[in-house]
Every structure is written in C-alpha cells, then in structure tokens.
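Right, one structure below, let's go through it.
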Amino acid sequence: MAFKDKTVKGAMYIILSALFFAFMGLFVQLAGDLPSVQKSLFRNLVAGLVALAILIKEGGGFRWKSGNLIYLILRALFGTIGVLCNFYALDNMILSDALMLNKLSPFFAVLFSFLLLREKISLFQLLIVIIAFLGSLFIIKPTPDLINPASIIGLLGGMGAGAAYTMVRKLSVNGERKTYIVFFFSMFSCLCMLPYLIFNFKPMTGIQVFYLILAGLSAALGQFSITTAYSYAPAKEISVYDYTQVIFTTLIGFLVFGTVPDMLSVIGYVVICFATVIMFLYNKKSA
C-alpha cells in the first residue's frame, strides 16, 4: 500500500509541475523579444531567491548532506545544459521541432535511471513512455526540416533534462532537502549565464519584468513539484505524466490566445491520456 501511495503522490506532483512549467512558458512568451539566456537567468534567479527564503525560514543551513555534492553539481550541470540547449533550439528551429526534442526528456529520464541508478524497468513501462511521446508528436507536429545541426543541440537539451531528473531522484533517495536541490541548481545556472548577460543585456520594460517575475515564480513551483515527485517514485513509474505539459500548454494557448486545436491535436490528447491511465493501472497492479 505504501508503495502505491508514493507512486500516486509522485504522479500528482509531476502533473502539477507540468502545469506550472506550462504557465512558465506562457509568461516567458508574454515577456516578448528578449534574449533567451536573459529570460532564463531572470527566471532561475527568482526561483533561487524563493528557495533561499525557504531555506532561511527552515533554518537548516546551507550545507549539503555528506556524499551529495557530486550529485548536486551533476544535477545543476545537466539542468543548465538542458536549459541552454533547449533555448538554442527554440531560437534556431521551428517551435514544433524544438518542443519535440525537449519532450524526449522523460524517455531519457527512464533510460538514465536504468543506466546510472540501476532501477529496473519493464518493457511494458518503456513502451508506455514511447506511446506518450508518439502522442505528443500529434500535438507538436514536427516538420520535415527537423534534421539540421541545431537539432543535435536540441537533442542534447532533452538528454540534459533527463539526466538532471535522474540526479534529482538520486539526491532525494540520499535524503537531500528538496529546497536545497532547487536552490543549488538555480544559483549554479545563474552563475553560468551571468557572463553572457553582462555583455548582451537588453533593457526591459516594467511589464516585461512583471512577466519574468511570474515566470520565475512558476518555475520555482515547477521545480519544487518535480523534485518532490522524484522523491516519491522512480522515473519508470511517473515520467510519462510529464507529457501532460503538452496538453496544459495547448489549453492555455486556447484560453489566452484563442488558438483552437485541430483533429491531430485531439488525437494526441487522447493518446497521452490513454498512456497515463495505463501507466497508473500498471503501477497499481504491480503494487
């Protein structure tokens, strides 16, 4: 029963993270024409400050648990690579193609969990993740121009995100505080992006700053949620629920911008929902 309860909680938190990251994408888009790295640094800075405030309130200090430093660095490094590669793909590829490569991250999370953490995965679980990814393609609709040099960097972005989630799982199993994981990653990524911003800063209007603050708050909630999710369950059981972000993003686009999904998108929604329900039932039966 305890195993099942943890899996359900993990699934709920990863769906919640998908919702928050969908809102983050909305606010980043509303922030307008700013350098992608500038948007990312501002977003991560807000998330880091939120984590800092919580750390101070909790009073647990700023020391990591013994043996966790290497995993904190790897989580932050992979996460930063994932963000930068994803933004590069967004700037140099058609949006649908860049999103498709980014949505490979749940698959890589499962793969790296098997390779690095030795968490066993059944062929059926892997198949469900692949089905969910195929469902996302109906919504994203990649173009025939997908194969180009920028796509390699976009693929590395998906791999980086998947590896980062694997390190989050490892840190959670090792008992590291969720808030500290978010804080370390946010500050690390900001320091990595700061040199670029010094030479390429673009002045922002008040409304742009407002939207980026909202993006940062959404990112903080998303990071806390996904960190909590992987503290409850391994990637093989819950990573498939990350594809709900595609559904949330489309729904927000309809409500805010009036974009109406076509029949292929509807098919994609059905496939993703089908995959998530099947994964839930499979985990429940396994428990």
If you take the residues in the range 250-273 that are at pLDDT 85 or above and β-branched (V, I, T), which one is surrounded by the most Cβ atoms within 10 Å (Cβ to Cβ)? I272
Every pair of residues 6+ apart whose Cβ atoms lie under 7 Å, when the first sits in the range 228-240 and is open to solvent by 10 Å² or more (accessible area, probe 1.4 Å) while the second is basic (K, R): T228/K178; S231/K178; Y232/K6; Y232/K9; P234/R169
Enumerate the pairs (first residue in the range 197-224 and open to solvent by 80 Å² or more (accessible area, probe 1.4 Å); second residue anywhere and at pLDDT 90 or above) with beta-carbon separation below 6 Å, excluding pairs fewer than 6 apart on the same chain, so at least 6 apart or on different chains. L221/F20
Could you check how many residues of the range 74-112 are open to solvent by 70 Å² or more (accessible area, probe 1.4 Å) and assigned to a loop (DSSP other than H, G, I, E, B)? 1
Residue under evaluation V168, criteria (1) at pLDDT 90 or above; (2) surrounded by fewer than 23 Cβ atoms within 10 Å (Cβ to Cβ); (3) of a type in the set (A, V, I, L, M, F, W, C), criterion not met: (2)
Can you tell me which residues in the range 171-192 are surrounded by fewer than 23 Cβ atoms within 10 Å (Cβ to Cβ) and either of a type in the set (V, I, T) or over 30 Å from K120 (Cα atoms) (or both)? V173, T179, M187, F188, C190, L191, C192
Take the residues in the range 244-284 that are among the aromatic types (F, W, Y) and in contact (Cβ under 8 Å) with a residue 24 or more places away in the chain; name whichever of them is nearest to M12 (Cα to Cα). F280
The residue from A51, A18 that alone is of a type in the set (A, V, I, L, M) and farther than 27 Å from K236 by Cα is A51
Pairs only if they're at least six apart or on different chains, beta carbon under 9 angstrom, first in the range 163-178 and closer than 17 Å to A11 by Cβ, second open to solvent by 10 Å² or more (accessible area, probe 1.4 Å) and aliphatic (A, V, I, L, M); list them, first residue then second. R169/L117
Which numbered condition trips up R43, out of (1) over 16 Å from the mean Cα position of the chain (by Cα); (2) open to solvent by less than 50 Å² (accessible area, probe 1.4 Å); (3) of a type in the set (D, E, K, R)? (1)
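The values are calculated or read from the model by the stated rules, or taken from the named source; none is laboratory data. As the structure is a computational prediction, the values presented were derived from the model and not from experiment. With ideal geometry, Cβ positions are generated from the backbone for all residues, glycine too; neighbour counts draw on all protein chains shown. Keep in mind that these areas ignore ligands, DNA and RNA; they rest on the heavy atoms of the full protein, side chains included. Shrake-Rupley method; radii C 1.70, N 1.55, O 1.52, S 1.80 Å.
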